[in-house]
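All remarks here apply to the structure that follows.
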Amino acid sequence: MKIKVLAVILCIGLVGCTTVSPGGYYWGKYSYTYHDLLKNPGETTRAAHEATLKDIITKSKEKDLRTPPGIHAELGNLLSDADKNDEAVAQYQAERDLYPESAIFLQRLLVKPKTGAEE
Amino acid sequence: MKLISTIALVFLISACAEVETKGQAFPKMYSETDKPVSIVVVPAINNSTAADAANLVNSTLTIPFADNGYYVLPVSIVSDIFRREGLIEGSQITGIPLSMFKTSFGADSVLYITINKWDTNYIVLAANVTVGMSYVLRSTTDSAVLWSYDQEIVVDTSGDSTGFLLADIIKTAVTTAMTDYIPIARQVNATAVATMPYGKYHPLNNTDAGAKVVLKKSKEKALAPAG
């Protein structure tokens, strides 16, 4: 317990705590804000998750890390839901540049940019 | 003497648990033609009594599989697509032919997850969660099983003792009510992923075929029909 507290203090004190995962990615609060969004879907949880995605992209750039799989695409999808189509396309492009195997999937998202408009 | 006990120990381990190398256990993960790069995760099938278990698992899955070197298609977008098609539960999606995930998502493999147990136990001075999960990764080219794992693990959630009985009882009750289950879900996923060969984006890709893993019949269990 003491060690844990010490480690946390040390971590905050030293680098503001940008933890890098074993795979070499920075994930921020990803699991937490996505879990909140799944549990209580709404404007607040959506905005919090969007903030997490943006934080991951910014910090990854700062730390010279590859943005984790799916993050640009997920942000693009949220932007597309908010009718910010140009910004959405830019995010999809960023995802495809980093991960070419996402191309077919992203094409599918581009074909149907108006999500949920059918109902 | 030491040698004999070592031999005896090795014999004992091999008798009760299946120790294989990753290459022996999952040969297709080392074949140039069969090894997947991308994974579609089907929303977890929750057979446990905990309502939030599926959300906990779905929100913590991407990280370990991506960290292991795979391209995980964004779970949130994929599940939105399923939802729009009227497929909400993972069990409704298991019937979809695997080749569909290749043609419409461009994915090499599909990961199916079943939560068999998520039981919170509170025993006055201690608290823990027993989690049973199975993972099966299948190829979208020929439906073959590429990797699988089945586990039941107990995670302690009671924290450290304060040294005072009454304080401990109160502390256990409080921590059980406020337990942060995300690190627990992460720990469960990490244990499973540790047996999985590294993928394209991991620096040790294609170098871990000789790594030993203890599978304890978990492969067979993962493939057994649920029920």
What do you reckon, is B:Leu73 under 28 Å from B:Val214 (Cβ atoms) and either at pLDDT 90 or above or crowded, with 17+ Cβ neighbours inside 10 Å (or both)? no
Evaluate the range B:156-173: report whether one residue or more is over 14 Å from the mean Cα position of the chain (by Cα) and modelled with pLDDT of 70 or more. yes
Within the range A:8-26, can one find any residue that is out of contact with any helix residue (DSSP H, G or I) (no Cβ under 7 Å at 6 or more places or on another chain), in a helix (DSSP H, G or I) and at pLDDT 95 or above? no
Top-ranked residue in the range B:61-115 [being more than 11 Å from chain A (Cβ to nearest Cβ) and assigned to a helix (DSSP H, G or I); ranked as nearest to the chain's Cα centre (by Cα)]: B:Gly90
Yes or no: the range B:111-124 includes at least one residue that is in contact with an Asp or Glu (Cβ under 7 Å, 6 or more places away or on another chain) and either free of Cβ contacts under 8 Å to residues at least 60 places away in the same chain or surrounded by fewer than 19 Cβ atoms within 10 Å (Cβ to Cβ) (or both). yes
Mind checking whether some residue in the range A:27-36 is within 9 Å of chain B (Cβ to nearest Cβ), at pLDDT 95 or above and in a loop (DSSP other than H, G, I, E, B)? yes
Which of the residues spanning the range A:54-88 are farther than 24 Å from B:Tyr201 by Cα and of a type in the set (A, V, I, L, M, F, W, C)? A:Leu78, A:Leu79, A:Ala82, A:Ala88
Checked the range A:41-76 for anything under 22 Å from B:Asp180 (Cβ atoms), more than 10 Å from every other protein chain (Cβ to nearest Cβ) and not in a helix (DSSP H, G or I); matches are A:Pro41, A:Gly42
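The values are calculated or read from the model by the stated rules, or taken from the named source; none is laboratory data. Not measured: the values here are computed from a predicted model. So basically every Cβ, Gly included, is an ideal-geometry build from the backbone, and we count neighbours across all protein chains shown.
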